[in-house]
Amino acid sequence: MQIPAYRYFLAVAETGSIRRAAELMHLSPSAISRQVQLLEHAFRSPLFERNQTGMILTEEGRIVAAQMRNSLRDMELARARIDELHGLVRGNVGLASIEGVMTGWLLPAISRFRASHPGITFDARVAGSEQVLRLVHDGTVDLGIALAPDEHDPDLEIVHRFVTRYVVAVAPDHALARRRRVDLKTLLAQPLALLDANFETRRWLNQAATRRQLPLTAVLNLDHIESIKRAVRGGELTTVLPDYAVTTDAAAGELVMIELEGASAARTATVLCCRRGRVQTRAARAVIDLLAGCAPA
């Protein structure tokens, strides 16, 4: 069994699909399928359940996946330490982040970092908070940025925590654009474009409406922040997003940020986190220090 086979197997495990894994690895589906079959033959066990929804790891498959991730991680650490011995500024950092953070300030921070460290590469993933935390737990990524995780999780180390406000965002010519604040009842009376229920922002808004016994109906539900903002720029629709997802647009005059009345109720925590006890490469440590230093106040 060779290291590429490990990577192909883990790609299927993470995507749940031979076709998507093949696209990710730039190989044919038949090549990926053959590698999975060879691994199953080597371990004398089925590693996946194959059904209409995709490829799901069996109990044996979960054991193999955990060990393969550890093996690949050990090899990456060995390479990174050898690079450090030779004074080479190289390395790869795996990270996962919620969309608003990725587009709002993470990508600009990575760009600044690479200006000084051009040998560092990144494997970055955009995901919901729950998936980000799973990737951190599994050791698939070096670090994650998510909204409101279970901070009592013993496997989770919070490197940096910052306060995040939920804000109303409208187009500059919207009827609410001249207001500094808006109450929840007024907000919910507007035609709304909102993130769907898989996002922490929507769950918070649903709970806030339920507590006030106010009806909440969105004319447009989406799972993509940039698409939500594009819809709102059209002028009619109103949305609610984390503040860092709107800051750049507001500075450019493309959207207007409005505070929700009762700001203490419109706050949550966004955290930069990693798996507790994980041995980080020099590159990952440098990126973590950078992000902790440039995170929104």
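Worth a mention:
- Residue satisfying all of: in segment 82-102; over 22 Å from GLN2 (Cα atoms) and open to solvent by 80 Å² or more (accessible area, probe 1.4 Å); modelled with the highest pLDDT among these: ARG90
- Test: residue in segment 108-123 that is hydrophobic (A, V, I, L, M, F, W, C), touching a residue at least 24 places away in the same chain (Cβ under 8 Å), open to solvent by 30 Å² or more (accessible area, probe 1.4 Å) and closer than 19 Å to PHE199 by Cα: no
- Residues in segment 168-195 that are in contact (Cβ under 8 Å) with a residue 24 or more places away in the chain and open to solvent by 30 Å² or more (accessible area, probe 1.4 Å): PRO172, ASP173, ARG179, ARG180, ARG181, ASP183, LYS185, GLN190, PRO191.
- Considering each residue of segment 141-158 in turn, at least one proves to be over 17 Å from GLU200 (Cα atoms), in contact (Cβ under 8 Å) with a residue 40 or more places away in the chain and open to solvent by 80 Å² or more (accessible area, probe 1.4 Å).
- Filter result for SER97 (closer than 22 Å to LEU133 by Cβ, out of contact with any Lys or Arg (no Cβ under 6 Å at 6 or more places or on another chain), touching a residue at least 40 places away in the same chain (Cβ under 8 Å) and of a type in the set (S, T, N, Q)): yes
- For THR53, the conditions (1) within 25 Å of the chain's Cα centre (by Cα); (2) within 22 Å of GLY139 (Cα to Cα) are fulfilled apart from (2).
- For GLY54, the requirement of being surrounded by 12 or more Cβ atoms within 10 Å (Cβ to Cβ), farther than 25 Å from MET75 by Cα and without any contact (Cβ under 8 Å) to a residue 60 or more places away in the chain is met.
- Only a single criterion out of (1) of a type in the set (A, V, I, L, M, F, W, C); (2) within 25 Å of GLU76 (Cβ to Cβ); (3) open to solvent by 60 Å² or more (accessible area, probe 1.4 Å) is not satisfied by ALA127, namely (3).
- Candidate set: segment 128-153, residues that are among the aliphatic types (A, V, I, L, M) and at pLDDT below 85; chosen: the one farthest from LEU95 (Cα to Cα): ALA148
- In the set (1) surrounded by 18 or more Cβ atoms within 10 Å (Cβ to Cβ); (2) of a type in the set (S, T, N, Q); (3) modelled with pLDDT of 90 or more, the condition left unmet by GLN35 is number (3).
- Selection count where residues are free of Cβ contacts under 8 Å to residues at least 24 places away in the same chain and over 16 Å from TYR8 (Cα atoms), scope segment 64-80: 3
- Residue in segment 17-26 that is among the basic types (Lys, Arg), open to solvent by 40 Å² or more (accessible area, probe 1.4 Å) and under 25 Å from GLU76 (Cα atoms) present: yes
- Pair list, Cβ under 7 Å, 6 or more apart: segment 212-237 residue touching a residue at least 40 places away in the same chain (Cβ under 8 Å), other residue charged (D, E, K, R) and open to solvent by 40 Å² or more (accessible area, probe 1.4 Å): ARG233/GLU254; GLY235/ASP173
The values are calculated or read from the model by the stated rules, or taken from the named source; none is laboratory data. As the structure is a prediction and not an experimental result, all values here were calculated from the model. For neighbour counting, all protein chains shown are included, and Cβ atoms are generated from backbone atoms with ideal geometry for every residue, glycine included. The accessibility values were calculated without ligands, DNA or RNA, using every heavy atom of the protein model including side chains. Shrake-Rupley method; radii C 1.70, N 1.55, O 1.52, S 1.80 Å.
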